[in-house]
Each structure stands twice: as structure tokens, then as C-alpha cells.
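Visitor: What follows is a structure written as C-alpha cells; I'll ask about it next.
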Amino acid sequence: MPSDKKIIYPEICVIAAMTESGLVGRGDGMPWRSSLDFKWFQQNTMGYPLLFGRRTAIGMTKGPGGFPLKNRPCAVLSRQMTSAALISPKGGAPVFNDLDEACQYYSNFDKIFIAGGPSIYREALTSNKPWIELVDRPLVDTVILTTFPDGYCDGDVYFKQSELMDDSDFFLSGEETFKLNGCQYQPLYTPAKILRKTDVCILKETDTPFPTIRFEIWRRRER
């Protein structure tokens, strides 16, 4: 007998940060430090699975946040690894050989985040949903993007916004730009509430001195 229960599939989100020219990395690591972006990333992803490419995950083991992240299931996408990987003082992570397998493994969550690097972004944005009923539907539902101005950091890994999304496929549903002043920020444009206004003095002396940071949320257009 067919079930009347409606099946709810997780929202698949790409979360990325880049400069205006598309700089996303330096070697295996990040070319900047931003407490504000860290807060934004944490607010969006807390409690949800995060999928990382092998090089991105390795780079995170060398950074201050470490890998895997606290209170978030983290997994590695790699065709070179075959078992639990990246054992560090904080533990290890399961390895999946393909994106479909990872998405199906975490399908009991409301959201799944794809967090880089560029090769994983490209695969996600050219893939369809792994569930049979939705085989002709694009995998990614939402793109969450941080953009920094050029000229304040150097790197060698690029992934331009034009590769990330097309206006014909996605629409901008939320945007906020912050002007940074010392260790405080002042919202310039606030159609969407992104960070609580009480969150002041969250910048650190070690942060890259960006004058502004822009946060955007893009949703896939309905067909």
C-alpha cells in the first residue's frame, strides 16, 4: 500500500568565500583570516553535515579551527582515500568516493553543506540530485557566499563567481554588506538579518584588514 507520508529531502547548500576576482585559497589553506566570516560560517552550518574535498580538509588540520569541526558531522570526498581519514587530535572523518554517496548518507538531515574546494564546487554544481524521484533535478538548492575586496591577501587557487552560479538559475534572496571599523562593524544594507546587531568587537588583530565584507544568499529558481 502506498504511503501518504511526504518525503522531505535535505536542502543542499554550497557555502563559499572568495575575493571579487575569485581567489579562494593559498595552497591547501585559506589566504585570509576573518572573524566575521567565521561567525557567518558557524551560524549557517552548526549542527549540519559538511562535505570537504581532500585538500581542503588537509588544509583545515593545519589551521586554528582544526578538523573535523565542532558540533558538525564532517566528511571527506576523495577517490584516493578508502577509509576514515585525517586522524588528528580532534579525531577523524568518514570518506566517501563520490558526492551522491555522501548526500544519501546524510539524507536524514534538513541541510547538507558542500564546503569546498573548487573541484568539489564544480562537481556539485553540475550534478543532479541522487534520489531516484529527483534524478533530473540539479543537486544544489542554495549558494551562501562571502565576498572580500581584492588587494588585501595573496593566493593561487581561484574559483570565480561566474562558475558558482548563473542568474538564470539562482536569484539573490538576501544580501548584507559590512563596513569594518576597528573591531566593530556597521551594517550598510540590511534587507536580511544575517548577524545580530549585538555581536560587536568580534574582529581580531590577526584578521586580514578588509575594509568591507559582503554576505549573500542565492536560491535556485523554481522550474
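Visitor: Give the residue, chosen from 55, 72, 26, that is modelled with pLDDT under 90 and either among the charged types (D, E, K, R) or over 19 Å from residue 114 (Cβ atoms) (or both). Step through it out loud before you land on a result.
Guide: Working: 72 fails: modelled with pLDDT under 90; 26 fails: modelled with pLDDT under 90.
None of the other options fit; the residue is 55.
Visitor: Turning to a different aspect of this structure: Mind checking which residues of the stretch 205-219 are under 10 Å from residue 34 (Cα atoms) and of a type in the set (S, T, N, Q)?
Guide: Of everything in the stretch 205-219, those that are under 10 Å from residue 34 (Cα atoms) and of a type in the set (S, T, N, Q) turn out to be 206, 208.
Visitor: May I pose another question? Within the set of pairs 6 or more residues apart or between chains, which connect a residue that is in contact (Cβ under 8 Å) with a residue 60 or more places away in the chain inside the stretch 107-133 to a residue that is among the charged types (D, E, K, R) and in a helix (DSSP H, G or I) with Cβ atoms less than 7 Å apart?
Guide: If the second residue must be among the charged types (D, E, K, R) and in a helix (DSSP H, G or I), the pairs left are 117/55.
Visitor: Among the listed residues 75, 57, identify the single one that is within 20 Å of residue 121 (Cα to Cα), among the aliphatic types (A, V, I, L, M) and not in a helix (DSSP H, G or I).
Guide: Details: 57 fails: not in a helix (DSSP H, G or I).
75 is the lone residue from the list that is within 20 Å of residue 121 (Cα to Cα), among the aliphatic types (A, V, I, L, M) and not in a helix (DSSP H, G or I).
Visitor: I'm trying to understand the selection: among the residues of the stretch 31-45, which are over 12 Å from the mean Cα position of the chain (by Cα) and closer than 27 Å to residue 79 by Cα?
Guide: Filtering the stretch 31-45 for residues over 12 Å from the mean Cα position of the chain (by Cα) gives 31-36, 39.
Correct list: 31 only.
Visitor: Could you run through the stretch 12-54 and say how many residues are in a strand (DSSP E or B) and farther than 25 Å from residue 178 by Cβ? Full working, then the answer.
Guide: Taking the stretch 12-54 and keeping what is in a strand (DSSP E or B), we get 12-19, 23-26, 29, 50-53.
Those still in the list that are farther than 25 Å from residue 178 by Cβ too: 12, 51-53.
Number satisfying all stated conditions: 4.
Visitor: Also: Just to be sure, is residue 175 over 26 Å from residue 79 (Cα atoms), among the acidic types (Asp, Glu), modelled with pLDDT of 90 or more and surrounded by 14 or more Cβ atoms within 10 Å (Cβ to Cβ)? Before you say what the answer is, go through the steps one by one.
Guide: Details: over 26 Å from residue 79 (Cα atoms): yes; among the acidic types (Asp, Glu): yes; modelled with pLDDT of 90 or more: no; surrounded by 14 or more Cβ atoms within 10 Å (Cβ to Cβ): yes.
When the stated conditions are applied, residue 175 does not pass them.
Visitor: From the list 111, 90, exactly one residue is surrounded by fewer than 19 Cβ atoms within 10 Å (Cβ to Cβ), modelled with pLDDT of 95 or more and not hydrophobic (A, V, I, L, M, F, W, C). Which is it? Break it down into steps so the answer makes sense when it comes.
Guide: On the way: 90 fails: modelled with pLDDT of 95 or more.
After applying the criteria, what remains is 111.
Visitor: Cβ-Cβ distance below 6 Å, separation of 6 or more or different chains: which pairs start in the stretch 150-173 with a residue that is more than 10 Å from residue 24 (Cα to Cα) and without any contact (Cβ under 8 Å) to a residue 24 or more places away in the chain and end on one that is hydrophobic (A, V, I, L, M, F, W, C) and assigned to a loop (DSSP other than H, G, I, E, B)?
Guide: Hits for this filter: zero, empty list.
Visitor: Looking at residue 222 and the list (1) over 20 Å from residue 151 (Cβ atoms); (2) within 19 Å of the chain's Cα centre (by Cα); (3) modelled with pLDDT of 65 or more, which single condition is not satisfied?
Guide: Status for residue 222: all satisfied but (2).
Visitor: A further question follows. Scan the stretch 112-121 for residues that are touching a Phe, Trp or Tyr at 6+ places or on another chain (Cβ under 8 Å), in a helix (DSSP H, G or I) and not aliphatic (A, V, I, L, M) and jot them down. Walk me through how you get there before you give the answer.
Guide: Within the stretch 112-121, the first condition is being touching a Phe, Trp or Tyr at 6+ places or on another chain (Cβ under 8 Å), and the residues that meet it are 112-118, 120-121.
Going one step further and asking which of them are in a helix (DSSP H, G or I), we end up with 118, 120-121.
Scanning the stretch 112-121 gives 118, 121.
Visitor: I'm checking my understanding of the structure. Among residues of the stretch 125-176 that are among the polar types (S, T, N, Q), more than 17 Å from residue 111 (Cα to Cα) and not in a loop (DSSP other than H, G, I, E, B), which one is nearest to the chain's Cα centre (by Cα)?
Guide: Top of the filtered list is 146.
The values are calculated or read from the model by the stated rules, or taken from the named source; none is laboratory data. Computed from a predicted model, the values in this text were never measured in an experiment. Neighbour counts are summed over all protein chains in view; Cβ atoms, including those assigned to glycine, are modelled from backbone coordinates with ideal geometry.
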